[in-house]
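Here's the structure we're looking at; comments come further down.
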Amino acid sequence: MTLHVDSSSSLISPSIGDDVFSQGTPVKLGILASGNGSNFEAIAQAIQNGQLNAKIQVLIYNNPDAYAAVRAENWHVPAVLLNHRNRTREDLDAKIVEMLQLHNVEMVVMAGWMRIVTPVLIDAFPDKIINIHPSLLPSFKGARAIEQALLSGVKITGCTVHLVSLEVDSGLILIQAAVPILANDTQETLHARIQVEEHRILPAAISLAVQNQLLKC
Ligand code: GRF
C-alpha cells in the first residue's frame, strides 16, 4: 500500500480569512522573544501587508544573541534587552512590565519567549497576553513539545495560540493548526513545517482576539 501524505495541506480552526482583520485604531503590541524571531517577522509582515491592524511598539528579548533583535532593527522597532541572568523571575517580569508600559503596550505577544512568566506580568496585562506553542495543546506542554510529539508516536501535531494563564501552556485556546508527522521527520523538519503554520495563525489570532474583544484594549 502506498500512503500519500500531502505535507502542504493544513487544517486551521477556527478558519482564518480576511474577515478577521480588525477595524479602527491599530492595537499596540509588545513582543517578547528569546531566539530567532521568525514569529516576530511574521507579525511585522502581516501588519505591512494590511492583514493585521496593529503596531509593534517594542520587542523585548532576554538573550543577547537573539536574532529577533536584528529583525526588530530591520523593521525600525525599538528592541530592549532584559537579560534574565542574575535576576529572579519576578524581577525580570517587573522590568518587562515597566518597559511595556513605557511603550504604551496594550497587548503582549510571547513569540518564542522561553521563560516561565509570573503573576507580576500576568496581573499587569490580565487576559491580554498571548503565546504561541508548537503542539496541539493540551498535548505536549513545556519546552520540548516537538521532541515529545515525535517520541510519542502521534501522527498529527501542530501549533496553538492561547491566552497566557498562571499554569504553563494552559490558557484559553484561540487558534490551532494541525500538522501531519511524516515517516522520516526529524525535530528540524517537523519544526519547519509547524513554523509555516505558526506564521499563519499568530497574526490571525491577534486579529481575532481584538475583533472578538477577548482582549479588551
Ligand atoms: C516557535 O516554534 C514557538 O512555537 C516556540 O518557540 C519557537 C520560536 O520561533 N515557542 P521563532 O523564534 O519565532 O522563530
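Results for (1) over 22 Å from residue 29 (Cβ atoms); (2) within 13 Å of the ligand (Cβ to nearest atom); (3) crowded, with 19+ Cβ neighbours inside 10 Å, shown as yes or no for each residue.
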| site | (1), (2), (3) |
| --- | --- |
| 143 | yes, yes, no |
| 160 | no, yes, yes |
| 181 | yes, no, yes |
| 204 | no, no, yes |
| 207 | no, no, yes |
| 211 | no, no, no |
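Which pairs have Cβ atoms under 7 Å, sit 6 or more apart or on different chains, and link a residue in segment 159-184 that is within 13 Å of residue 195 (Cα to Cα) and at pLDDT below 95 to one that is within 14 Å of the ligand (Cβ to nearest atom) and in a strand (DSSP E or B)? Close Cβ pairs satisfying both conditions: none exist.
For segment 37-56, taking the residues that are touching a strand residue (DSSP E or B) at 6+ places or on another chain (Cβ under 8 Å) and open to solvent by 30 Å² or more (accessible area, probe 1.4 Å), the one that is nearest to the ligand (Cβ to nearest atom) is identified as 47.
Residues to consider are 79, 111; find the one that is of a type in the set (Gly, Ala, Ser), modelled with pLDDT of 95 or more and open to solvent by 10 Å² or more (accessible area, probe 1.4 Å). Give the derivation first.
Numbers: 111 fails: open to solvent by 10 Å² or more (accessible area, probe 1.4 Å).
Only one candidate qualifies: 79.
Counting only helices (runs of 4 or more DSSP H) that sit wholly inside segment 51-158, those with at least 1 residues that are free of Cβ contacts under 8 Å to residues at least 12 places away in the same chain are 67-74, 89-102, 145-152. Output the qualifying pairs, or none if there are none: Cβ atoms under 9 angstrom, residues six or more apart or on different chains, first residue in segment 189-201 and at positive phi and among the aromatic types (Phe, Trp, Tyr), second residue modelled with pLDDT of 95 or more and within 11 Å of the ligand (Cβ to nearest atom). Final answer for the pair search is none. Restricting attention to segment 25-36, the residues being open to solvent by 50 Å² or more (accessible area, probe 1.4 Å), more than 15 Å from the chain's Cα centre (by Cα) and in contact (Cβ under 8 Å) with a residue 40 or more places away in the chain number 1.
Taken together, the criteria exclude residue 169 from residues that are over 28 Å from residue 58 (Cα atoms), among the charged types (D, E, K, R), touching a helix residue (DSSP H, G or I) at 6+ places or on another chain (Cβ under 9 Å) and part of a loop (DSSP other than H, G, I, E, B). Looking across segment 133-183, the residues that are over 18 Å from residue 15 (Cβ atoms) and of a type in the set (Ser, Thr, Tyr) come down to 135, 139, 152, 157, 165, 170. Among the candidates 129, 156, 116, the residue that is of a type in the set (A, V, I, L, M) and open to solvent by less than 40 Å² (accessible area, probe 1.4 Å) is uniquely 129.
The values are calculated or read from the model by the stated rules, or taken from the named source; none is laboratory data. Remember, it's a predicted structure, so these values are computed and weren't measured experimentally. Counting neighbours? That spans all protein chains shown, and the Cβs are built from the backbone with ideal geometry, glycine included. Ligands, DNA and RNA are stripped out before the accessible areas are found, and what is left, the full protein with its side chains, is counted by its heavy atoms. Shrake-Rupley method; radii C 1.70, N 1.55, O 1.52, S 1.80 Å.
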